[in-house]
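Just so you know, all these numbers are worked out from the coordinates, no wet-lab data involved. Computed from a predicted structure; not experimentally measured.
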Amino acid sequence: MAVFVTISYYTKNEMHRREIIYALSVQTHVISQIASQQHLSLPAIHKYIKILKNAGFIVQKKIGRTSFISLNRQSLFGLQSWLN
């Protein structure tokens, strides 16, 4: 239960994090794509990615020098069941 409270805190209180999750709900992205869409620097977007990854919302996969991020839908199902 504490995990879901933490997750909801991270997403409710930060506009960029919510927008990242929304973008990932549509498709997997390269980190630089998300940074460009959000008009953020790569160091700034990496901070958001780290927080979302630690909260269990996203999964990061690196292929060569390119990092792909995708939504961890299972974490959202857990959050939804906790809220209901």
message: So if each residue of separation counts as 0.36 nm, and I subtract the Cα-Cα distance between A44 and S67, what length gain in nm does that give?
response: 6.8 nm
query: Long-range amide H contacts for F68: which residues qualify at under 5 Å (H placed 1.01 Å from N, peptide plane, sequence gap of 5 or more or a different chain)?
result: K61, K62, I63
- prompt: Across region 58-65, in residue order, what do the Karplus-derived ³J(HN,Hα) couplings come to in whole Hz, using 6.51 cos²θ - 1.76 cosθ + 1.60 with θ = phi - 60° and x for Gly and Pro?
  reply: 10, 10, 10, 10, 10, 10, x, 9
